[in-house]
Amino acid sequence: MSGGEDRAREVAGLLRQLWLGLAAYRLFPGSSDRPGFVAAVERIGDSVRLALASGPIDVEVRGDGFVFAGTPLPPNETTERLARACFERRVERVEIAAVPDVRDLERAFAMLSMPPEELREGGGAEAMLASAGVRSIMLSALGPSAVEGADHVAEDVVANPARVPDAHLLASQLRIDDLAGAPETRAEALFERLRGLVSDLSIEAGREIDLHATVHDVVTELPPELRRSLVELLVDRVRDDPLAERLIGTMSNAELTRALVDLGRDGRRDPVELANHLAAAGVRHLDLVDLTEALEAGREEAGTILAGLEEVGVDLTKSRADGFGGSVTDALAGYLTATERDDVRTMQATLPRTDEQRKASALLALRDYLMLEGDDERLGEVLSLWAEGLQEAMAMRDPVRVRELLDSVREALGGAGEERESLYGSYARQALAPEAVLALVATVRLDDGGATVPEVLEPFGDVGVEVLLDLLAEEADRERRAHLLAALRQVARGHLRPVVARLQDPRWYVVRNAANLLGNAGGEEVLDQLAGAARHPSAQVRKEAVKALVVAGGAKAVLHLHALAGEGPQDVRPTAVSVLGAIFAPEAAAALGDIALSNPDRGLRRQALDELAEGTEGRELLRALSDAKTRPKLPWKLRRHARRLLREASGAAA
C-alpha cells in the first residue's frame, strides 16, 4: 500500500471517529463526563495524533462524502453522515491543526448539532468556533486561497464572486408566477430556469452550498402540485444531472422520505420504486425500501416482530407483487432508521394503550430493534422516546409498565459492550428527570389506592437510587426531603451500592443521609462501612453512623460498637456504650462488662454499669461485677455503684 493510501486511510479513520463522537455528543449534550463521550474523545485524540504525524489535516466536504488531497475518500455510511451534517450547516472544509481537547470537541459538536438556521443567524460555524476560542478545529467554507501546508488547493476560484441571493429574490428571478401549463410542464421550465440562473451567477468557490440551500428553501415554498412535480423530476434525473443530484443532496432524510410519500398520495408514482431509484444511484440510503420489501417475508416469521410493526403503524395487510426475501427484524431496524422523531414517537405512544398481548409484542419488537441497531444517533433517538414512555408510566403510577419497559431495554443492551450498556443507565436517568421524580413524589399525599412512590421507582434499581440520592442532596424543602428519604429507605433495599458510595461524598449531610439509609435498608453487609463512617470528621455523621450500626446489624454490630467504645473518637465512645445497652443480647452484655472492667475512661466504665442495669441479662453480669470475689475485680467505688444500681432495680421491680 502506498504512502498516499495509508494517509487517506488514516484520515478516513479519523472522520469516522469524529462522527462517532458527534453521535455520542448528541446522545449526551452538555455532559462531557458521560462514559460514551469520554471514550469517543479518547479515540478521536488517538486518531488525530496518528493522522497529524504525517502532516496537517484538511479535507473538503461534499454532500455525499469527503475529498482529501484532491481525491474523494472511499464511500462509507459513517463518514457520509458526518459529511451531510457538515454540508447542511454550510461547512465545506474541515481542518484539524492539533489534538482537540474535550472543550474544543464539545464546541465543535455543538455547532454540528445546531439547527442550520440558528447556526446561520449566529454567523456560521467558523465564526462561532473562533469566538469560542477553538483553535484545534476549523469548520469553514472553502475560501479562494489555501492554508499553508494544506493537502490541496481549492479549484475554480472566481475573480469577482457574486453574492448569493436570498430565497425571496431568487423566487422573483425565477419568475415562478409566470409559469403556465400542467404541473409537469411548469416543473420542467422551472428546472431549466434554475440551471440557467446557477450558471449565470458567479458564486465564489465554497459558496455553492449556500446557493443550493437557498434553492431548497424556494422549492419548499412552491405550490404543492408544482413542488411534487419538481421533486419527481429531480429524482428521475438524479443519476445523470449533477444539478438534480446537488439539489436532492440538500434535503434531509426526513424531508426526502416525506417528499417520496407525498408523490405516492395520488397513485401517480410508487414511493418505494422512487426510493429504490435513489438507493441504486447511491444518492441516499433509504431504509424504507428494506422495510417494504421485507413485509412479505415477515408474515412467515414468528409473530413477535409482526405485532411490533403493527404497533408502530405499519400496514401488514398490503401486499407487494415484487416481494423480497429478508428478515423482518432488519425491516424494523430500517423503518426506525428511515423515520424522524415524530414518526418513531408512534411506537412509544401506542405502548400504554393496547391490550397486554399487543403490549408484550411491541416491547419484544423494541428489544429486537435495539439489539440490531448499529447507529448510535438513531439508537439515541429511539431511547429518548423510550425514556418519555417511562415518564408517562411513572406519571400513571404503573410499576408493572415501568418494569416492562426497563426490562426490554436492559435485556437488549446487556452484554453488548460497556459503551452500549452505559446507554441504559443514561436514558433511564433521562426518564428520571428531577421534575418527573418530584411530580411523582408529590403524589405521596394522594390516597387513591394507586401504587406507592417506592413501588414505581423500585424497578429502576441502582439508577433510581442514585437519582433519588442526587435529588435528596439538592432538595431545600424539608417536607420533600422527608418524602425522598422515606422512598429511599424502601427503594434502596437490595440496591445499596450507590448508597455506600455516598459515604465518600465530601458533603457531610450527604454522608449522614447515606448512613441513615444504610441503617434502615442494609444489614450485616454494611457494618464495616458504617463503622468507618463512625470515624468521619463530621460529628453529625459520626453520631448517625453509630445509631445506624445497631439498626442494621443488631447483635451482629456488637464487635464494631465495642471497638468504637474503646478506640473511637471521643464523642463517639459514650454513644457506642449507650447503643450497646439498647441491644438485649448476651454478647452486648458481655461487651458492656468488658468496658466496665477494662476501659481507661472511668466515666465510660460507670456508664457501662448503668446500661447493664437496664436489662435482665445485664443485671446478672452486674451482680457478678459487684462481688469483690469476681476476677478481674472492679475498683471498690465501681462495685459500690453496681450494688446501688442492683438495689434500685430490685426496688423498682417490687
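None of the figures in this text is laboratory data; all of them are computed from the coordinates on show. On a predicted model such as this, the values are computed, not experimentally measured, just so you know. Positions of Cβ are backbone-derived with ideal geometry, glycine not excepted, and every protein chain shown enters the neighbour counts.
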Solvent-free Debye scattering, log10 I(q)/I(0), computed from the Cα coordinates of region 3-140 at q = 0.13, 0.14, 0.18, 0.22 Å⁻¹: -0.49, -0.57, -0.99, -1.52
C-alpha center-to-center spacing [region 32-81, region 88-108] in angstrom: 10 Å
Can you order the peptides 65-78, 627-640 by their average number of other Cβ atoms within 10 Å per residue, highest first? 65-78, 627-640
Which translational diffusion coefficient, to the nearest whole µm²/s, is obtained for region 431-541 from the Stokes-Einstein equation, given a Kirkwood hydrodynamic radius over C-alpha pairs, 10 °C and 1.306 mPa s? 111 µm²/s
Ordered by packing density, taken as the mean number of other Cβ atoms within 10 Å over each peptide's residues, highest first, how do 602-609, 118-125 rank? 602-609, 118-125
Charge dipole (region 421-548, unit charges on Cβ, about Cα centre) - positive-most of Ala486, Ala533, Gly450: Ala533
Tell me the relative contact order for region 3-140 as a rounded percent, counting alpha carbon contacts under 8 Å between residues six or more apart. 24 percent
When the convex hull of its Cα atoms is projected in every direction, mean area for region 564-630 (nm²): 4.0 nm²
